[in-house]
Each structure stands twice: as structure tokens, then as C-alpha cells.
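For reference, the structure is listed below as C-alpha cells.
We did not get these values from a lab; they are worked out from the coordinates using the rules stated. Note that this is a predicted model, so its numbers are computed, not measured. Here the Cβ positions follow ideal geometry from the backbone for every residue, glycine too, while neighbour counts run over all protein chains shown.
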Amino acid sequence: MEHQKLTEFPNDFLWGSASAAYQVEGAWQEDGKGESVWDRFVRIPGKTFKGTNGDLAVDHYHRFKEDIALMKEQGLKAYRFSVAWTRIFPNGRGEINQAGLNFYEELIDELIKNGIEPMLTLYHWDLPQALQEEYAGWESRKIIEDFTNYAETLFNAFRGKVHYWISLNEQNIFTSLGYLLAVHPPGVTDPKRMYQVNHIANLANASVINKFHELEMPGKIGPSFAYTPNYPLNSDPKNILAAENAEDLMANYWMDVYMWGKYPITAMRFLEERGWAPKIEEGDAELLESAKPDFLGINYYQTATNAFNPLDGVGAGKMNTTGKKGSSEETGVPGMYKKVENPFVERTNWDWEIDPEGLRIALRRITSRYRTPVLITENGLGEYDQLTEDKKIHDDYRIAYLSGHVKAIKEAISDGAEVLGYCTWSYTDLLSWLNGYQKRYGFVYVDQDETQECSLERYKKDSYYWYQQVIRENGSTI
């Protein structure tokens with residue numbers, strides 16, 4: 001749709017940025033914090049770039065006031081962060097670690113004092129190791145009660161201070177990378193276990209959302225989904241069907257459950273034929289259908305282009321985790337689809353397609369299918385950044401990337417989408433789960449690398465000033 005004039009961003013639009021506890025905090029054993037599955041997983045040789053870990057990360061735990069001062073100077077309206085479950089319950093449940101609660105209360109109070117809306121993510125992948133050892137974590141229904149209790153603890157602690165809550169971050173990523181591709185904890189390759197884990201995570205998500213509403217919490221809650229819209233390679237009907245298959249299995253399989261409490265029929269039929277369908281017990285359907293998110297969070301980075309893939313065709317290939325452009329392996333699901341290169345878009349050094357138009361498409365699809373507000377909880381460009389001799393970072397490539405995506409949001413709003421806010425990934429540079437510090441996303445450069453022996457000094461990139469201007473003008477000149 002072409003518009004004669006684009007609709008302006010709402011006056012209360014939340015211009016934000018984001019982080020995750022494990023990737024920024026450090027202080028991994030301080031003030032009573034327990035061990036998470038990531039604290040354990042990164043110590044397995046070969047799992048991360050040069051063996052990097054989050055023991056120190058970018059030391060946000062001790063430097064959060066410095067970081068928030070930079071946010072205020074930039075004009076940030078919202079900051080999305082996650083709570084480390086093991087700071088609150090070192091063993092996943094039991095006695096509360098008051099020092100952990102105190103840290104997040106200080107963080108939240110500092111944000112509010114500086115006019116920044118806190119957005120709290122309950123779960124950003126750092127499962128307590130104790131629960132993994134006790135009952136295999138997300139493979140057990142016991143986690144539903146423990147996760148709900150943890151969430152309720154935070155609801156009660158920060159009631160009236162936090163008004164935007166994200167229940168689960170990228171459930172589709174931590175289940176598939178942990179149980180299918182084995183590059184995240186627990187490092188398993190078993191599709192049947194993956195889909196069962198995913199079902200239990202759906203139940204836990206529904207339980208937490210219901211608890212939020214039962215407590216009549218002031219504010220909104222919703223999950224955050226890593227949405228990659230699917231395209232067909234061309235107008236060949238087989239390729240169009242492949243894109244439909246991919247959208248059903250890789251997107252609707254999660255979003256339909258979040259918003260409607262039902263799994264899509266075609267995707268479930270596929271899983272049943274393969275013997276991978278989750279075991280759905282009495283009461284599960286009722287729980288899933290009862291949970292009503294107040295918004296759908298989406299993390300948008302790229303689109304995917306699909307072609308026909310026969311039953312004896314391409315299976316799962318390795319991801320590009322090296323930053324060497326073109327090193328991704330061919331990947332697909334036999335009998336459903338295979339991923340192919342889109343000749344019309346550029347790619348990053350990690351082979352992620354740069355496609356701002358895809359964000360507009362994502363917002364339109366969600367608006368039309370679910371009639372729900374959307375909060376963009378992540379969007380950003382991971383690249384190699386260079387600190388010059390005069391301590392500058394000229395990241396024009398990031399400005400171009402973000403500018404294109406902000407324009408796409410404005411166009412989607414003009415199309416009728418209700419978008420609550422936009423959180424870039426990330427605020428400061430941070431530890432990439434698998435890529436160490438070579439893959440940088442932030443507006444603020446942090447002097448840190450794989451040696452963890454750097455100054456941790458913060459330096460504003462050119463993109464910092466660009467976003468400052470966007471916020472000041474409420475996106476009017478985009």
C-alpha cells in the first residue's frame with residue numbers, strides 16, 4: 001500500500017532499547033546469585049567463540065547507573081531488561097535471595113527517576129542449573145509451578161513500578177537451538193523432545209499470563225517471539241506452498257498458541273506423521289485458551305525465502321556463528337521447505353537478510369491475523385565495529401539499517417498496525433551468546449573483548465546521536 005502521507009508516530013510511542021541479564025550483568029557469583037544453565041554450558045570447550053562467558057560481560061551489575069545516565073542523555077523512553085532467575089531464587093525455587101531483588105529494585109528505581117519506562121523480561125534463557133539437574137528443566141511440567149512462583153514474586157515486588165512485562169523471550173529460539181541444533185543448553189538434538197519442551201513452555205507462559213491478570217496487575221504482559229516472515233522464491237506454486245509450510249511450522253506454531261491457544265492444523269499433522277507431536281494432557285487446551293496476552297512482542301531481524309524440498313531433501317544445516325559471510329549451510333525440513341538465498345536483499349556478515357520491508361509485512365500479518373497491539377522488543381544489526389584512535393565509532397551501516405526499519409514501522413502504522421514501541425537490540429555492546437564480543441549491536445561501544453581484561457569504558461557511537469535525534473523528533477523526519 002502506498003500512502004500520500006504517512007501517519008505520525010503516537011505521542012506516547014516508546015522509543016527504547018534492550019538487553020539480557022546474562023549478556024550484560026556479569027557478577028555471576030555475587031550477592032547470592034545461583035548458577036544458570038548458561039554459566040555451566042559456556043565452560044564446555046568449543047561452545048562459544050574463544051570460550052567467552054558472562055562472568056564479567058560488560059559489568060552492567062556495577063555500572064547500571066552509568067549506563068542509565070547515557071540512556072537519559074540520549075532521551076530513551078523505555079529500557080527492556082531481563083531478570084536473572086537465579087538472582088531471585090538461586091536454586092530456582094525456595095528461599096528468596098533478597099540481595100537479588102534489591103538489585104533489580106535499584107535498577108528500576110533509577111530508570112523511573114530518569115524518566116525511562118522499565119520493561120521487564122521474566123525469562124531470557126538463563127534457567128537455574130539446579131532445576132535442569134533436578135527434573136531436566138523445561139522437559140518437566142514441574143517447571144510450570146516454579147516459573148509461575150518466580151513470576152509472581154516479581155509481580156508482587158515491582159507492582160506499580162513496572163507496567164510492561166515480557167513473559168518468555170524467543171521461546172522458538174531457546175527450544176530449537178537447545179533441543180534441535182544443540183548450540184544452546186542443554187545441547188540436545190531430538191525433535192520430539194524439542195516439541196514437548198515447547199509445549200510445556202507454552203503452558204508455563206499461559207500460567208504466568210493468567211497469574212498476572214488474576215492479580216489485577218497494573219500494566220500489560222505478553223510473550224516475545226522471534227518472527228521471521230517467510231517468502232516464496234518465486235511464483236511456482238510448489239515454492240509458494242513451501243513458504244506456507246514454513247510460515248505454519250516456524251511462526252504460526254508459536255503465535256497461534258500465544259494468541260488463540262490452538263496449534264495450527266497443518267503443522268500438527270506434520271509433527272504427528274513424524275512422531276514428534278507433543279503429548280497434550282487433559283486441561284492443557286483449556287489453560288492455553290484461557291491466557292490472553294495484552295500484546296505480542298516480536299523480535300525482528302530478517303526474513304526467509306523458501307523453495308520446494310522433497311521428502312529426501314535438505315535437512316538442518318549449521319548456522320553461521322563465525323561472522324564469515326556465506327558460511328551458512330543449506331538448511332530445510334524435508335517434505336516441507338528449504339531455505340534459499342533471496343537475490344533482492346543484502347546479508348550481514350552472519351548471513352542474516354537485511355529486509356526492512358519484512359518488518360512492515362510482519363506487523364501487517366500480525367495485525368490482520370490476531371488484532372493485537374505489537375511491541376517490537378528487539379531489532380538491530382550485529383556487526384564488526386572499529387574504535388578509532390580518537391575514540392569514535394562511525395557506524396553508518398547501523399544507522400542505515402535502523403533508519404530503514406523505523407520507516408517500515410511508520411509505514412505499518414499507516415497501514416493500520418498498532419505498535420506500542422520499538423526496542424533496538426542492544427543499548428550497549430554486550431556478550432553475544434555464541435560470538436563473544438566480535439558481533440556488536442549497541443549504540444554504546446564497550447571496551448571489552450574475549451580476554452575480559454579491557455577497561456570496560458563506554459563510548460557513544462554515531463548511531464547514538466542518530467537515535468537521539470529520532471527520539472527528539474518522535475520519528476517525524478523518517
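Does segment 60-77 contain any residue that is among the hydroxyl-bearing types (Ser, Thr, Tyr), touching a Lys or Arg at 6+ places or on another chain (Cβ under 7 Å) and crowded, with 20+ Cβ neighbours inside 10 Å? Taking every residue of segment 60-77 in turn, none turns out to be among the hydroxyl-bearing types (Ser, Thr, Tyr), touching a Lys or Arg at 6+ places or on another chain (Cβ under 7 Å) and crowded, with 20+ Cβ neighbours inside 10 Å. Please determine, by comparing only the residues of segment 440-455 that are buried (at least 19 other Cβ atoms within 10 Å of the Cβ) and of a type in the set (A, V, I, L, M, F, W, C), which one is farthest from Val58 (Cα to Cα). Residue satisfying both the conditions and the ranking: Phe443. When Ala267 is tested against (1) among the small types (Gly, Ala, Ser); (2) buried (at least 19 other Cβ atoms within 10 Å of the Cβ); (3) farther than 20 Å from Leu168 by Cα; (4) touching a Lys or Arg at 6+ places or on another chain (Cβ under 9 Å), just one condition goes unmet, and that condition is (4).
Put simply, of Glu244, Glu170, Glu152, Glu216 the only residue that is surrounded by 22 or more Cβ atoms within 10 Å (Cβ to Cβ) and of a type in the set (D, E, K, R) is Glu170. Only one of the listed residues (Phe13, Phe49, Phe9, Phe41) is farther than 22 Å from Glu453 by Cβ and touching a Leu at 6+ places or on another chain (Cβ under 8 Å). That residue is Phe13.
Counting only residues that are under 18 Å from Ile200 (Cβ atoms) and in contact (Cβ under 8 Å) with a residue 12 or more places away in the chain, segment 282-292 holds 7 of them. Beta carbons closer than 7 Å, at least 6 apart along the sequence or on distinct chains, pair a first residue in segment 259-274 that is closer than 17 Å to Thr372 by Cβ with a second that is β-branched (Val, Ile, Thr) and not in a helix (DSSP H, G or I) for Met259/Thr372. Of the candidates Ile112, Ile108, Ile88, the single residue that is surrounded by 19 or more Cβ atoms within 10 Å (Cβ to Cβ), in contact with a strand residue (DSSP E or B) (Cβ under 9 Å, 6 or more places away or on another chain), of a type in the set (Val, Ile, Thr) and on the phi < 0 side of the Ramachandran plot is Ile108.
I'm checking my understanding of the structure. Among residues of segment 191-200 that are surrounded by fewer than 24 Cβ atoms within 10 Å (Cβ to Cβ) and among the hydrophobic types (A, V, I, L, M, F, W, C), which one is nearest to Glu145 (Cα to Cα)? In this case the residue turns out to be Ile200. For segment 111-132, enumerate the residues that are under 18 Å from His60 (Cβ atoms), more than 22 Å from the chain's Cα centre (by Cα) and part of a helix (DSSP H, G or I). Within segment 111-132, Ile112, Lys113 meet the criteria. All of Thr331, Thr321 fail the test of being more than 27 Å from Lys410 (Cβ to Cβ), under 20 Å from the mean Cα position of the chain (by Cα) and not acidic (Asp, Glu), apart from Thr321. For Thr367, the stated conditions do not hold, so it cannot be described as touching a Cys at 6+ places or on another chain (Cβ under 6 Å) and either closer than 21 Å to Lys461 by Cα or surrounded by 15 or more Cβ atoms within 10 Å (Cβ to Cβ) (or both).
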